[in-house]
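Following: one structure in structure tokens, then a few remarks.
The values are calculated or read from the model by the stated rules, or taken from the named source; none is laboratory data. Values in this document were obtained by computation on a predicted structure and should not be read as measured data. Cβ coordinates were reconstructed from backbone atoms using ideal geometry, including for glycine residues, and neighbour counts include every protein chain displayed. Calculation scope for accessible area: heavy atoms of the full protein, side chains included, ligands and nucleic acids excluded. Shrake-Rupley method; radii C 1.70, N 1.55, O 1.52, S 1.80 Å.
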Amino acid sequence: MPWLSYQKALNRALADELAADETVFVLGEDVRVAASNVTVGLAKRFGADRVIDTPLSEQGFTSFATGAAMAGLRPVIEFQIPALLFLAFEQITNHAHKFSLMTGGQTSVPVTYLVPGSGSRTGWAGQHSDHPYSLFAHVGVKTVVPATPTDAYGLLRSAVRDADPVVVFAPAGALGVREDVDFATLAPVPLGVGRVHRPGTDVTVVAVGHLVHDALAVADDLADTVSVEVFDPRTLYPFDWAGLTESVRRTGRLVVIDDSNRTCGIAGEIIATMAERVRLSAPPVRVTRPDGAVLPFSLELDRAVQPSREQLVAAINRTVKEKP
């Protein structure tokens with residue numbers, strides 16, 4: 001079977017949606033020349049009317065997309081840098097997100113906000129290395145963080161088809177991941193459904209985005225002593241609480257690894273919700289960036305601020321050693 005890279009999966013999903021639905025169009029800064037390698041070939045195939053380069057004004061073209069969606073189109077905006085979402089936060093959360101709710105469902109705003117390269121990249125430093133998915137989940141915007149190429153393909157297609165605004169975070173740490181895939185089996189993946197990548201009996205590890213691959217590596221390393229179940233939520237809002245509850249009830253223990261800041265992060269919400277639903281055998285543990293983390297330019301310091309495999313191993317061992 002052929003190999004499918006994460007970036008190519010995003011590209012293929014966009015191409016398939018553009019081909020399937022003439023109301024879909026892509027816009028953003030330098031999308032015609034594919035500065036992020038996600039829109040490669042789309043301008044040549046679908047034309048300048050459907051792959052649109054925008055001025056350097058996030059507030060402007062995000063608001064434009066909201067109006068286009070309300071008029072019956074399906075825009076997909078590419079944000080090259082995750083921090084640019086902060087500039088457009090007002091347009092996404094206070095406008096696009098609320099129009100449907102405030103009109104009693106008379107208006108839909110099917111905009112997809114794609115961030116190919118969220119989180120840390122080598123030397124991108126403090127203003128380009130954020131992972132702000134918790135902010136969008138908090139306000140109730142549909143929020144997607146795929147870990148694998150097949151999920152990136154399937155979740156992006158579902159996001160484009162959804163009637164509501166959806167933010168799709170494609171972690172920089174996952175962009176190099178490749179899968180051996182039969183392209184004929186690629187299909188949309190429903191929002192709000194998690195995935196157990198590896199079953200286990202001793203502890204459930206919830207991993208977000210690229211950290212799924214770290215969790216799987218740690219589970220392999222600990223296989224002789226600890227049976228680790230790796231749960232990938234895939235969608236942070238809506239969250240698959242039923243699927244995670246089933247997993248944690250089986251294992252009785254919970255560790256969450258999340259590449260965002262500790263305070264008010266999704267890891268804290270996952271732990272709080274499971275504490276409400278399940279009688280745990282040991283206190284849950286979270287592995288995150290520190291409070292108020294701003295990633296520095298230095299690669300060594302950058303890595304020191306991010307959650308690591310070593311921290312995850314320590315968290316698992318700490319949880320498993322606790323007596324019920």
key: Condition broken by residue 312, with the remaining ones in (1) buried (at least 23 other Cβ atoms within 10 Å of the Cβ); (2) outside any helix (DSSP H, G or I) satisfied   = (2)
ask   = Is there any pair linking a residue in segment 80-96 that is over 14 Å from residue 131 (Cα atoms) and of a type in the set (Val, Ile, Thr) to one that is modelled with pLDDT of 95 or more and assigned to a helix (DSSP H, G or I), with Cβ under 8 Å and at least six apart or on different chains, and which?
value = 92/62; 92/136; 93/136; 93/139
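Would you mind listing the strands (runs of 3 or more DSSP E) fully within segment 116-200 where at least 1 residues are open to solvent by 20 Å² or more (accessible area, probe 1.4 Å)?
On the way: elements: 142-144, 166-171, 178-180, 195-198.
Result: 142-144, 178-180, 195-198.
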